[in-house]
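Here the structure comes first, spelled out in structure tokens, and everything after it is commentary.
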Amino acid sequence: MTDTASRPDAQTSIPDRPSLEGLEEKWDGVWSAQQLYAFDENTTRDQVFSVDTPPPTASGSLHIGHVFGYSQADMIVRYQRMRGKNCFYPLGWDDNGLPTERRAQNYYGVRCDPSLPYDPDFTPPIEGGSNKSSKAANQIPVSRRNFIELCEQLTTLDEKSFEEVFRTLGLSVDWNHSYQTINAHSRATSQRAFLENLEAGQAYQSEAPTMWDVTYRTAVAQAEQEDRERDAAYHRIRFTRPDGSPVIIETTRPELLPACVALVAHPEDERYQDLFGTTVTSPLFGVEVPVKAHPLAQADKGAGIAMICTFGDSTDVIWWRELELPTRSVVGRDGRFLPEAPWITSPEGQAAYAELAGLTVFSAQKRVVEMVTESGDLDGEPKKITHPVKFYENGDKPLEYVTSRQWYLTNGGRDSSEGGLRDALIARGSELTWHPAYMESRYRNWVEGLSGDWLISRQRFYGVPFPVWYAVGADGETDYDTVITPDVADLPIDPTIDVPKGFTEEQRGQAGGFVADPDILDTWATSSLSPQLAGGWNSDPELFEKVYPMDLRPQGHDIIRTWLFSTIVRSHLQQDALPWKHASINGWILDPDRKKMSKSKGNVVTPIGLLQQHGSDGVRYWAGRARQGVDTAFDEGQMKIGRRLAIKILNASKFALGFGEAPADPAGRLAADPAVVTDPLDRALLAQLADVIDQATTAFEDMDYARALEVTEPFFWAFCDDYIELVKERAHGNSPAGEAGAASARAALAIALEVLLRLFAPVVVFATEEVWSWWRGGSVHTQAWPVSAPLREAAQGQDAALVDSVAQAAIVVRRIKSDAKVSQKTPILAVTVVAPEAALAHLEAASADLTALGRIEKLELVTGEGEEISTRDVELGEPPVKQPRDKG
RNA sequence: GGGUCGUUAGCUCAGUUGGUCAGAGCGUCUGGUUUACACCCAGAAGGUCGGGGGUUCGAGCCCCUCACGACCCACCA
């Protein structure tokens, strides 16, 4: 870092050739050293603007979508800061959960085996490993504690590189307030919240069929499931009535035949009336099952009569529960058929089942189909279809139903009573201000569609442990109804290491002793507490008071059903409050071919590479042009335009400041004394800028950074290309207006430039700060957002339309030379400009500047009929002699 | 099957309560080395606003309908 970087106010001269190169590093260093974005804890809630920033998953690389969303949020925060708010803008890392486990496995070539003892000297076989998933067979088994240590090591590494990118991007985050979802503070917070939920009856355990991923061997919550279209086939399979006649059912899961507990048809289906209340016998396995009636059975679907298995799908679960059927599980937690099926009694049936035991679901299906084909119980050829099948979003095998004991948290999924929890959560969604507003329907849609409470337990290793033990009875059986909890003061705990009060380690797993809950909390169960984690709910109540509920939650629309919803659930249960006032929803980044940006592409164009190539200001501009909620094409063209804008700000500022100083504003409100702004064109410019301020302010008040930029940017380009060009002769003092005219132009330039820098500051953070440092004190980012009133006063009632009239006239004058294909330097000996009445007055007021711009020697202004401004009676002079080109 | 969003110049997109709203930038073309900027400047060409109905004196803008695209949801026998 250079000396000037640490002392920005020392740099007063304007560089000869301003450049964007190196600005990111320079200003990040200054801001960091000055703690420019640090939250001031000496404050009250009404002075604070607090942000519940998404904690990025610290497992892998940042992609361009992060840069996009975080830039947009930063623009809103920077505006609020300029409005005088004390911004609480922390950033956390979601380093908890399965993605981290998977990355650690691949990065270090290990896998967790909880049965192994801790090895304090363990060194991983590889480091920096491959990005491709290494084969499980090559991974070295390590203890749970070793594994967790490696996860922690890796996330620390990843977080460092993330912070680097975010700093380069110019996020005005207060890095003093960063948090991790896996550290002790977060574990304690998460466990405390869980224990309070338990106390309040909002968390409960239940033994029930749940969706299960056989690869990861964990239960999976509804929010983590997705449908994928898969090939399947209807198999017509013959059951036998007591009289020996057949009943044909259709199924896509013939392998579940041994798990069949009943057949079911619609109560009014005439075809099956005589079957209800009787039993039929399954093929191959010879199990007698009842035939039941239930309204959920559809007469027009398949054969109109279905087999109920435990469990093939969620309808099976409903039938099983409502018809009080037995449980006959055949699929184990590893996705293979269980060794025993005791309800099958016949020797033939047992022999048939023995062929399936140990097979995967896929292989078992093949085998069953072969067997029913041989036995003649398959009616006709299977009919191929494709249908949606539930998958864990990170998994690659279909989810299976497995009956297990799991923890749940109420989320309204089982309480659709009037005024119940579901209604209350929907009302919370309406209470929230959504940007854009239509995103609320995604939330409502999701809450209305919930089919059960939130399953929060996961059978994994790296995460927040459930802070509970269970009593072990005198008979040595675990009594899950006797939950032993720790003191809140002792949190965080790991029940597999810590011992509950009143017990000793020797009693672990012993009759009369205790056992630990082996599971961890769903990662969302911790990250849903991000306002509480960042705001210090469990550690700093004073801080929490000042920042909660937060003002803003920025996030992507893909995690409305997960992060946004679960955060509302937790705040509703914990604080009986909405966690924030506003939600700003950003869109996705799409490939140029309109598909969601693929991983492989995202890796090719790394964020840091883009920031280097286009400058952070250029990339931020691209993000700033995209509206909230709208999926946006990955478009380097926009980044180039942003880069040009940043460069233009440097160059135009250098030029505008080069005419010489204007007297200071005695009132100190503007960059120069408004009293010397006497020229009508200068006043009109300030009037126009006042309108721009008002529009940009209105937009930003609605958190619409894109609209604000869209208003400011064209004004700035017109300011450069028309206004500066028009007044530059006058500003130099080469005009009949003399010194007063020059002073007016210089003052207007200074006033306008200073306002423009502040208007651009939330988006173009580096170039504006650079220019600010040339001639103003402090940082542009802690200046007040501009207000229009002083500019309107300076404009003295001058009509802003004058600027447009003169710009129009400039175009027609320039066109004369473009059409003649001569240099714009060519003098015009004489020209008559024809303009409508109103514009004519404007042109007369600015005629000196106009003749200077067009190098017009004799300008005549006349009133015309139409709306357009045009020229006639043109007499062009000789083009200037070309300078001989230096042929070095 | 239900829901949400979108369909405006070759491309990326504005167009906020229906009345200069047919726009911007990029790209293209034609010109210009103008000591702030060639990472520049000037000028020009380009669209019956997805299709079809309707409401209105008047419709990208409101209503209906269809098509296409994207996403979310749904009990997958």
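The values are calculated or read from the model by the stated rules, or taken from the named source; none is laboratory data. Remember, predicted model here, so these are calculated numbers, not experimental data. Note that we place each Cβ from the backbone using ideal geometry, even for glycine, and neighbour counts take in every protein chain shown.
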Subject >> Qualifying positions in region A:709-733 - more than 8 Å from RNA strand B (Cβ to nearest atom), surrounded by fewer than 23 Cβ atoms within 10 Å (Cβ to Cβ), within 20 Å of A:Arg814 (Cβ to Cβ) and not hydrophobic (A, V, I, L, M, F, W, C) >> reply: A:Glu729
**OP:** Give me the pairs, please: first residue somewhere in region A:619-631 and more than 13 Å from A:Leu171 (Cα to Cα) and more than 7 Å from RNA strand B (Cβ to nearest atom), second residue anywhere and aromatic (Phe, Trp, Tyr) and not in a helix (DSSP H, G or I), beta-carbon distance under 9 Å, and either six or more positions apart or on two chains.
**Re:** A:Trp622/A:Phe634; A:Gly629/A:Trp434
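A quick yes/no check of all residues on (1) assigned to a helix (DSSP H, G or I); (2) within 30 Å of the chain's Cα centre (by Cα):
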| site | (1), (2) |
| --- | --- |
| A:Trp93 | no, yes |
| A:Arg102 | yes, yes |
| A:Asn106 | yes, yes |
| A:Pro117 | no, no |
| A:Ile126 | no, no |
Original post:
Can you name the residue in region A:422-448 that is touching a strand residue (DSSP E or B) at 6+ places or on another chain (Cβ under 6 Å) and not in a helix (DSSP H, G or I) and, of all such residues, is surrounded by the most Cβ atoms within 10 Å (Cβ to Cβ)?
Top reply: A:Trp434
Original post:
Only one residue in A:Thr310, A:Thr327 is under 18 Å from A:Phe239 (Cα atoms) and not small (Gly, Ala, Ser), so which one is that?
Top reply: A:Thr310
Subject >> Lone unmet requirement of (1) within 40 Å of the chain's Cα centre (by Cα); (2) assigned to a helix (DSSP H, G or I); (3) within 13 Å of RNA strand B (Cβ to nearest atom); (4) of a type in the set (A, V, I, L, M) for A:Met211 >> reply: (2)
**OP:** Among the numbered conditions (1) at pLDDT 90 or above; (2) surrounded by 17 or more Cβ atoms within 10 Å (Cβ to Cβ), tell me where A:Glu196 comes up short.
**Re:** (2)
Original post:
Of the conditions (1) under 28 Å from A:Leu610 (Cα atoms); (2) modelled with pLDDT of 90 or more, A:Gly84 fails just one. Which one is it?
Top reply: (1)
Original post:
Which residues, counting only those in region A:214-242, are more than 8 Å from RNA strand B (Cβ to nearest atom) and among the hydroxyl-bearing types (Ser, Thr, Tyr)?
Top reply: A:Thr215, A:Tyr216, A:Thr218, A:Thr240
**OP:** Could you list all residues from region A:376-399 that are under 23 Å from A:Pro283 (Cβ atoms) and either in contact with a Lys or Arg (Cβ under 9 Å, 6 or more places away or on another chain) or free of Cβ contacts under 8 Å to residues at least 40 places away in the same chain (or both)?
**Re:** A:Gly376, A:Asp377, A:Leu378, A:Asp379, A:Gly380, A:Glu381, A:Pro382, A:Lys383
Original post:
Could you list, in sequence order, the residues of region A:243-260 that are under 30 Å from A:Thr360 (Cα atoms) and away from RNA strand B (no atom under 13 Å from the Cβ)?
Top reply: A:Pro246, A:Pro258
Original post:
How do the strands (runs of 3 or more DSSP E) wholly within region A:274-318 filter down when requiring 3 or more residues that are crowded, with 17+ Cβ neighbours inside 10 Å: which remain?
Top reply: A:288-293, A:305-309
Original post:
Before we move on, is A:Leu116 without any contact (Cβ under 8 Å) to a residue 60 or more places away in the chain and farther than 30 Å from A:Asp46 by Cβ?
Top reply: yes
**OP:** Identify, from the list A:Ser805, A:Ser788, the residue that is in contact with a His (Cβ under 6 Å, 6 or more places away or on another chain) and either surrounded by 20 or more Cβ atoms within 10 Å (Cβ to Cβ) or β-branched (Val, Ile, Thr) (or both).
**Re:** A:Ser805
Subject >> Selection within region A:330-371 - out of contact with any helix residue (DSSP H, G or I) (no Cβ under 7 Å at 6 or more places or on another chain), assigned to a loop (DSSP other than H, G, I, E, B) and within 22 Å of A:Glu288 (Cβ to Cβ) >> reply: A:Leu338, A:Glu340, A:Pro342, A:Trp343, A:Thr345, A:Ser346, A:Ala357
Original post:
Are there any helices (runs of 4 or more DSSP H) wholly within region A:769-865 with 1 or more residues that are of a type in the set (Val, Ile, Thr) and within 13 Å of RNA strand B (Cβ to nearest atom), and if so which?
Top reply: A:801-819
Original post:
In this structure, does A:Ser451 turn out to be crowded, with 20+ Cβ neighbours inside 10 Å, over 21 Å from the mean Cα position of the chain (by Cα) and either within 16 Å of RNA strand B (Cβ to nearest atom) or of a type in the set (Ser, Thr, Tyr) (or both)?
Top reply: no
Original post:
Exactly one of (1) more than 9 Å from RNA strand B (Cβ to nearest atom); (2) at pLDDT 90 or above is unmet by A:Ala265. Its number?
Top reply: (1)
Original post:
Do you know which of the residues in region A:418-431 that are within 16 Å of RNA strand B (Cβ to nearest atom) and touching a residue at least 40 places away in the same chain (Cβ under 8 Å) is farthest from the chain's Cα centre (by Cα)?
Top reply: A:Leu425
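Results for (1) under 24 Å from A:Ala687 (Cβ atoms); (2) among the acidic types (Asp, Glu); (3) touching a Gly at 6+ places or on another chain (Cβ under 6 Å), shown as yes or no for each residue.
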{"residue": "A:Val806", "(1), (2), (3)": "yes, no, no"}
{"residue": "A:Ser818", "(1), (2), (3)": "no, no, no"}
{"residue": "A:Gln824", "(1), (2), (3)": "no, no, no"}
{"residue": "A:Ala839", "(1), (2), (3)": "yes, no, no"}
{"residue": "A:Asp849", "(1), (2), (3)": "yes, yes, no"}
{"residue": "A:Leu861", "(1), (2), (3)": "yes, no, no"}
{"residue": "A:Pro880", "(1), (2), (3)": "no, no, no"}
**OP:** Collect the residues in region A:745-768 that are of a type in the set (Gly, Ala, Ser), more than 21 Å from A:Pro666 (Cα to Cα) and assigned to a helix (DSSP H, G or I), keeping them in residue-number order.
**Re:** A:Ala767
Subject >> helices (runs of 4 or more DSSP H) wholly inside region A:665-740 containing at least 3 residues that are touching a residue at least 12 places away in the same chain (Cβ under 8 Å) and within 24 Å of A:Gly618 (Cα to Cα) >> reply: A:680-701, A:705-718
**OP:** Confirm whether A:Thr403 is among the hydroxyl-bearing types (Ser, Thr, Tyr), closer than 24 Å to A:Trp320 by Cβ and surrounded by fewer than 17 Cβ atoms within 10 Å (Cβ to Cβ).
**Re:** yes
**OP:** Report whether or not A:Ala219 is out of contact with any helix residue (DSSP H, G or I) (no Cβ under 9 Å at 6 or more places or on another chain), touching a residue at least 24 places away in the same chain (Cβ under 8 Å), aliphatic (A, V, I, L, M) and crowded, with 19+ Cβ neighbours inside 10 Å.
**Re:** yes
Subject >> Single unsatisfied condition, A:Pro267 versus (1) of a type outside the set (Asp, Glu); (2) part of a loop (DSSP other than H, G, I, E, B); (3) in contact with a Lys or Arg (Cβ under 6 Å, 6 or more places away or on another chain) >> reply: (3)
